[in-house]
Amino acid sequence: MEDSRIALPIGTTLDRYIKKKQDEFQFATGELSQLLRDIALAGKVVNREINKAGLINIIGAIGTQNVQGEDQQKLDVLANIRFTRALSKGGEACAVISEEDDEIVDLNNNGRYVIAIDPLDGSSNIDVNVSIGTIFSVFRRVTPVGSPIQETDVLQKGAEQVAAGYLLYGSSTMLVYTTGHGVNGFTYEPSLGEYFLSHPDMSIPEDGKVYSINEGSYTSFPKPVKEYIEFCKQNNFSARYIGSLVADFHRNLLKGGIYIYPQTAKDPNGKLRLMYECNALAFIIEQAGGLASTGRQRVLDIDPKELHERVPFFVGSKNMVEKAISLFK
């Protein structure tokens with residue numbers, strides 16, 4: 001019997017795959033395809049700089065804070081520059097909103113797309129050589145092309161995303177993305193400088209045995225979250241928490257599990273950013289057969305009110321998320 005693994009199109013490059021699938025895009029004009037290539041290219045540059053970070057003194061804090069009040073790492077700033085520059089030169093994005101920038105960054109009024117990006121998620125782990133990532137969302141602007149960028153172009157519901165994805169910089173570098181037609185993963189081959197399709201049609205198991213949460217904040221969790229953790233322990237689930245959202249999410253996507261970052265006494269609205277983190281991962285997980293919720297509302301249905309809005313986040317295997325949110329009722 002033929003091994004099904006042999007039949008996988010491992011030799012398919014990202015560029016070839018994007019061209020092949022372009023007609024599936026809602027607006028098949030080629031611009032979104034180019035936009036994804038621009039993001040992939042910037043990911044190659046960031047990957048290179050992460051891999052040599054310890055050799056050229058670009059690890060550690062830079063001595064400033066971003067708008068979130070978090071200490072910026074040198075690579076945070078560098079990654080933000082790399083992605084913004086790539087999107088600017090590509091010409092398809094009209095604006096970028098980033099975790100590292102206070103306001104909307106105008107790029108090109110003739111561009112058709114808005115990018116929301118966390119350039120380097122999990123950057124506090126840079127110094128200890130733990131997997132980190134980049135998260136991005138793509139929205140189609142709503143105002144006429146050529147006009148000045150408006151807040152309405154940016155503050156759109158997650159359900160309006162036309163594409164979303166993440167890059168994982170770990171033992172290998174991967175680009176995982178969706179355009180609303182399933183989820184596909186590409187692994188970067190540095191000697192060739194190409195991303196190759198390695199994980200076609202990704203789907204998350206409906207059930208899992210892993211829960212990912214920072215239990216150090218247990219005493220300040222809402223009662224439903226405490227009850228869910230007790231449920232996990234009673235059912236002998238495994239606790240796995242890396243502290244890099246992309247890495248925790250990626251593991252659970254492949255193997256089944258739930259990631260939780262709830263509201264706490266310190267962060268009553270949660271800590272994760274809706275526009276830069278939660279929307280993208282919610283779009284991906286739903287396309288892969290899972291769920292994403294605040295505990296009370298589907299993430300993709302949230303009408304954002306500000307660029308740096310925070311929300312509680314429950315994301316992962318369908319049955320696990322449903323059980324968690326049932327405790328809020």
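The values are calculated or read from the model by the stated rules, or taken from the named source; none is laboratory data. What you see is a predicted model; the values in this text were computed from it and never measured. Here the Cβ is made from the backbone with ideal geometry for all residues, glycine too, and neighbour counts use every protein chain on show. Protein only, heavy atoms only, side chains kept; ligands, DNA and RNA dropped before computing areas. Shrake-Rupley method; radii C 1.70, N 1.55, O 1.52, S 1.80 Å.
What figure, in Å² to the nearest 10, do you get for the accessible area of HIS250 with a 1.4 Å probe and non-protein molecules left out?
Probe radius 1.4 Å; accessible area of HIS250 about 20 Å².
Please report the accessible area of LYS52 (heavy atoms, 1.4 Å probe, ligands and nucleic acids excluded) in Å², nearest 10.
For LYS52, the solvent-accessible surface is approximately 70 Å².
Order VAL142, VAL321, most accessible first, counting only protein heavy atoms with a 1.4 angstrom probe.
My answer, sorted largest first, is VAL142, VAL321.
Expressed as a whole percent, how much of the Cα-Cα distance distribution for region 169-246 exceeds 21 Å?
50 percent
Does region 121-240 come out rounded, prolate or oblate, given a ≥ b ≥ c as the square roots of the eigenvalues of its C-alpha gyration tensor, rounded meaning a/c under 1.5 and, failing that, prolate meaning a/b above b/c?
Oblate is the answer for region 121-240, as a/c is 1.5 or above yet b/c matches or exceeds a/b.
Starting from the Cα gyration tensor of the chain, take the square roots of the eigenvalues, sort them a ≥ b ≥ c, and report rounded, prolate or oblate (rounded when a/c is under 1.5, otherwise prolate if a/b is larger than b/c, else oblate).
rounded
Summing Lys, Arg as +1 and Asp, Glu as -1, what charge do residues with Cβ under 13 Å from the Cβ of ASN236 carry, ASN236 excluded?
For residues surrounding ASN236, the net value is +1.
Residue by residue through region 117-127, what is 3J(HN,Hα) from phi via Karplus (6.51 cos²θ - 1.76 cosθ + 1.60, θ = phi - 60°)? Round to whole Hz and write x for glycine and proline.
Once rounded to whole Hz, the list reads 9, 9, x, 8, 6, x, 5, 5, 8, 4, 5.
List, in order, the whole-Hz ³J(HN,Hα) value for each residue of region 135-151 obtained from phi through the Karplus relation with A = 6.51, B = -1.76, C = 1.60 and θ = phi - 60°; use x for Gly and Pro.
Whole-Hz 3J(HN,Hα) from phi for region 135-151: 10, 9, 10, 10, 10, 8, 4, 9, 7, x, 4, x, 8, x, 5, 10, 4.
If you count only protein heavy atoms with a 1.4 Å probe, what accessible area per residue comes out for region 268-329, rounded to a whole Å²?
Value returned for region 268-329: 35 Å² of accessible area per residue.
Tell me, what HN-Hα J-couplings in whole Hz come from the Karplus equation 6.51 cos²θ - 1.76 cosθ + 1.60 at θ = phi - 60° for each residue of region 171-176, using x for Gly and Pro?
4, 9, 9, 10, 10, 10
Return the subset of LYS233/LYS323; LYS223/LYS266; LYS209/LYS233; LYS226/LYS266; LYS209/LYS266; LYS89/LYS157 for which the Cα-Cα distance in this structure is over 18 Å, preserving the input order.
LYS209/LYS266; LYS89/LYS157
Considering the dipole of the chain built from charges on the beta carbon (Lys and Arg +1, Asp and Glu -1) around the Cα centre, which of CYS232, LEU327, SER33 is farthest to its positive end?
CYS232
Over all distinct Cα pairs, what is the inverse of the mean 1/r for region 69-169, reported as the Kirkwood hydrodynamic radius in Å?
Evaluated on region 69-169, it is 14.1 Å.
Heavy atoms only, probe 1.4 Å: what % of the accessible area of region 147-256 goes to carbon and sulfur, would you let me know?
C and S fraction of accessible area: 47 percent.
Relative contact order for the chain: what is it in percent, counting Cα pairs under 8 Å that are at least 6 residues apart?
Relative contact order of the chain: 15 percent.
So if I place +1 on the C-beta of Lys and Arg and -1 on the C-beta of Asp and Glu, and nothing else carries charge, what would the dipole magnitude of the chain be about its Cα centre? I want it in debye, nearest 20.
540 debye
State whether region 166-206 is rounded, prolate or oblate according to the following rule on the C-alpha gyration tensor (a ≥ b ≥ c being the square roots of its eigenvalues): a/c under 1.5 gives rounded; otherwise a/b larger than b/c gives prolate, and the remaining case gives oblate.
Prolate shape, in that a/c is at least 1.5 and a/b is the bigger ratio.
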